[in-house]
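Here the structure is laid out as structure tokens; the discussion comes afterwards.
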């Protein structure tokens, strides 16, 4: 068995950025996008999921299977300026939300 394994990487403990994090939100750290499981003020640890399917705010008109990116806490079409690629939709946007398959 490998002795240099740290963790499985599905859930990470990170330090909340300026403004803190709210449970249920998506947050980008460079190109790493996590779904916050816990809330935390800036500078404090929180846990974030790096994979799985989550229901999050999304721009209107995004279709099932679309590649999407994160911009200001919500999903937008992949390639939108200043956005961070984060996965593919497993549902179309409906009532301002969509189900995202996180792909880091």
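The values are calculated or read from the model by the stated rules, or taken from the named source; none is laboratory data. None of the values given here were measured: they were computed from a predicted structure. Here the Cβ is made from the backbone with ideal geometry for all residues, glycine too, and neighbour counts use every protein chain on show.
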Flag if residue 85 is farther than 25 Å from residue 8 by Cα, out of contact with any helix residue (DSSP H, G or I) (no Cβ under 7 Å at 6 or more places or on another chain) and in a strand (DSSP E or B): no
Set 81, 2, 36, 28: member being modelled with pLDDT of 95 or more and more than 14 Å from the chain's Cα centre (by Cα): 81
Extreme residue, surrounded by the most Cβ atoms within 10 Å (Cβ to Cβ), among residues of segment 88-104 that are in contact with a strand residue (DSSP E or B) (Cβ under 8 Å, 6 or more places away or on another chain) and assigned to a loop (DSSP other than H, G, I, E, B): 93
Residue satisfying all of: in segment 64-73; assigned to a loop (DSSP other than H, G, I, E, B) and touching a strand residue (DSSP E or B) at 6+ places or on another chain (Cβ under 7 Å); farthest from residue 98 (Cα to Cα) among these: 73
